[in-house]
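The values are calculated or read from the model by the stated rules, or taken from the named source; none is laboratory data. Just so it is clear, the model here is predicted, and its values are computed rather than measured. Positions of Cβ are generated from backbone atoms using ideal geometry, with glycine treated the same way; all protein chains shown enter the neighbour counts.
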Amino acid sequence: MTKELIVETTSLTKAYRGRTVVDGLDLALPAGVVCGFVGPNGAGKSTTLRMLLGLVRPTSGSGWVLGHDLSRPQDYLPDVGALIEAPAFYPGLSGRANLRVLATLGGTPAARVAEVLERVGLAERADDAYKTYSLGMKQRLGIAAALLPRPRLLVLDEPTNGLDPQGIRDMRGLLRSLADDGPTVLVSSHLLGEVQQACDWLVMVEAGRLVWSGPTAQLLTGSEAVLGCEHAGDLPRLAALLEARALQVRRVGNRLHAGPLTGDDVLPGLNRAAAEIGITLSELRRQSATLEEQYGTLLADSLAGSLR
Amino acid sequence: MKAPAALRPVRAQLLVLRRPAVLGSLLGLLPALAVVATSISFATADAFAVPPEPGERPELLLSALARPDGMTAGFAATSSLLGMLVLVLFLALTAGEHGRGTLRMLLTREPRRLRLVGGQVLAVLLLTWAALILALVASIAAAFVAAGLRDVPTEAWTSADALRAAGTDYLRAAGAAAGYGLIGSALGTLVRSVPVGLGIGVTWFGPLEHLLQEAWTGASRWFPGLLMESVSAGGTTASGLARSATVGAALVAGIVLVAAADLRRRDVLS
């Protein structure tokens with residue numbers, strides 16, 4: 001059975017005066033995932049999110065959100081909560097009054113305002129003017145606004161932007177708790193460590209094109225061996241041994257990193273083979289790939305592909 | 001009870017307008033200006049008439065102030081000043097939504113752009129019309145005080161004719177305010193920047209139209225600001241009330257249509 005797709009785009013493209021910002025993007029976001037939308041600055045993340053929210057009109061291509069055509073945002077936005085870039089509210093109004101404006105506009109019951117303020121931890125400062133809020137509080141109010149309609153899809157564009165480490169930790173916890181409530185979450189971020197911890201689905205874009213899309217676990221299954229020798233002079237022979245086993249080898253200080261490892265029983269075999277040619281290993285361990293490393297590799301591959 | 005979906009933008013905007021700064025500027029400033037203008041009208045009214053230039057309103061005479069419509073003559077004379085204030089207010093509110101980025105937040109809850117902005121404009125217009133009622137009342141009160149100071153008889157001001165005249169003056173001012181407001185909103189939508197919009201709007205509807213009026217007599221018949229001044233004054237020698245209202249409404253409709261087309265199509269990037 002095919003899993004329900006919450007967001008789907010086909011060849012979605014946006015160009016401004018001849019400059020293509022989003023270039024034939026094919027997205028398929030299954031229901032119930034927390035999806036990290038990552039890519040360097042200018043990769044087209046915000047433009048893509050704006051197209052999904054009806055703020056920016058695609059130049060070509062098509063898309064569906066919650067089963068509705070992208071050209072009719074009024075059909076699906078009542079079930080979508082969004083925070084795009086920096087939160088923007090009326091500075092002279094309180095947090096509560098700002099949310100009342102949005103609730104009134106969307107036909108959301110007024111009682112929901114208090115619920116979402118409580119949910120994001122802003123209930124105590126809800127009656128203070130928005131202009132007196134710290135950046136973290138502004139971001140939380142933005143999340144509260146996104147939660148107003150009890151969304152099936154939550155779109156958050158760089159929700160940790162400008163936050164201090166404590167604010168980032170708080171936001172990560174908030175995101176996890178939001179995901180537990182059931183909506184599909186699409187969150188763009190530069191902070192790959194945060195994405196790795198919070199997201200179970202990844203979409204990577206670069207120069208407006210899709211680089212990779214799929215479960216985070218699938219991307220991070222690749223791991224490598226880290227090897228150290230008793231005698232540093234043995235490293236070239238050890239590297240040759242590893243390369244003969246079709247592993248890619250790089251030297252980092254007095255250690256070799258070799259990968260990708262394909263099975264669980266590779267390390268004992270490497271240990272025996274090294275011993276057979278007279279090399280005593282001082283270190284041998286498996287190291288899982290981080291999102292940052294995989295991201296770098298995928299972007300480099302993508303760049304090389306576009307240059308070919 | 002839930003409001004009909006089409007009225008939600010109006011109700012939401014009324015919540016935004018409850019800010020003291022906005023209420024103060026509208027409900028306080030308009031009546032204050034009306035009082036000042038009424039006082040000046042009475043203070044500068046002449047005993048003898050001088051024929052007006054084409055496009056100019058006839059100057060006020062003390063004898064005219066004693067007529068039933070004299071009670072609100074000061075209110076009618078404030079039209080251009082009130083119009084400019086209304087234009088600035090509508091322009092600032094509309095362009096400010098773009099500048100602050102609040103429009104994109106609002107559009108995630110009401111993606112039908114024309115319904116959203118149309119509702120916002122209607123809400124500001126309702127408040128403006130309420131402020132004009134206060135301005136009319138304040139102006140009448142000031143007129144009674146000023147009449148006492150300049151020995152203008154006020155017996156005719158308590159007649160049914162005076163009430164009718166006040167109603168007519170109000171409707172003209174409300175119509176002109178709608179015109180100025182719609183132009184301000186359209187300009188704010190098109191330029192999406194408060195400083196740029198104010199620069200264009202204040203320059204054109206302030207000195208420029210009046211300077212061009214000096215050089216070209218047709219200006220009074222075709223320029224939107226001058227036509228709306230004519231409407232609120234009950235017509236001028238260059239363009240009567242019916243013509244001013246018709247041509248003015250057509251020009252405003254044209255500007256609003258251009259702005260609406262732009263609003264529907266243009267990307268929201270701020």
- So which residues in the range A:77-102 are over 16 Å from B:Leu103 (Cα atoms) and more than 9 Å from chain B (Cβ to nearest Cβ)? A:Asp79, A:Ser94, A:Gly95, A:Arg96
- Task: Taking A:Val226 as meeting all but one of (1) part of a strand (DSSP E or B); (2) without any contact (Cβ under 8 Å) to a residue 60 or more places away in the chain, write down the number of the exception.
- Result: (2)
- On the given criteria, is A:Asp200 more than 26 Å from B:Leu269 (Cα to Cα) and in contact with a helix residue (DSSP H, G or I) (Cβ under 7 Å, 6 or more places away or on another chain)? yes
- What do you reckon, is A:Gly107 small (Gly, Ala, Ser) and away from every other protein chain (no Cβ under 11 Å)? no
- Message: Can you find a residue that is surrounded by fewer than 17 Cβ atoms within 10 Å (Cβ to Cβ), assigned to a helix (DSSP H, G or I) and in the same structural domain as A:Leu135 (by TED's automatic domain parsing) anywhere in the range A:192-208?
- Response: yes
- Task: Name the single residue, out of those in the range B:248-270 being over 11 Å from B:Leu182 (Cβ atoms) and surrounded by 18 or more Cβ atoms within 10 Å (Cβ to Cβ), that is farthest from the other protein chains (Cβ to nearest Cβ).
- Result: B:Leu263
- Message: Of everything in the range B:73-93, what is away from every other protein chain (no Cβ under 14 Å) and either closer than 30 Å to A:Arg100 by Cα or at pLDDT 90 or above (or both)? Give them in sequence order.
- Response: B:Leu85, B:Val86, B:Leu87, B:Val88, B:Leu89, B:Phe90, B:Leu91
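Residues checked against (1) assigned by TED's automatic domain parsing to the domain that holds A:Met137; (2) small (Gly, Ala, Ser); (3) within 30 Å of A:Ile279 (Cα to Cα):
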site: A:Gly162; (1), (2), (3): yes, yes, no
site: A:Arg172; (1), (2), (3): yes, no, no
site: A:Pro183; (1), (2), (3): yes, no, no
site: A:Gly228; (1), (2), (3): no, yes, yes
site: A:Arg251; (1), (2), (3): no, no, yes
- Take A:Val116 and decide whether it is more than 9 Å from chain B (Cβ to nearest Cβ), surrounded by 23 or more Cβ atoms within 10 Å (Cβ to Cβ) and touching a Leu at 6+ places or on another chain (Cβ under 9 Å). yes
- Query: If you scan the range B:150-163, which residues turn out to be in contact (Cβ under 8 Å) with a residue 12 or more places away in the chain, among the hydrophobic types (A, V, I, L, M, F, W, C) and assigned to a helix (DSSP H, G or I)?
  - Reply: B:Ala156, B:Trp157, B:Ala162
- Task: Kindly provide the set of residues from the range B:106-149 that are surrounded by fewer than 24 Cβ atoms within 10 Å (Cβ to Cβ), without any contact (Cβ under 8 Å) to a residue 40 or more places away in the chain and within 14 Å of another protein chain (Cβ to nearest Cβ), ordered by number.
- Result: B:Pro111, B:Arg112
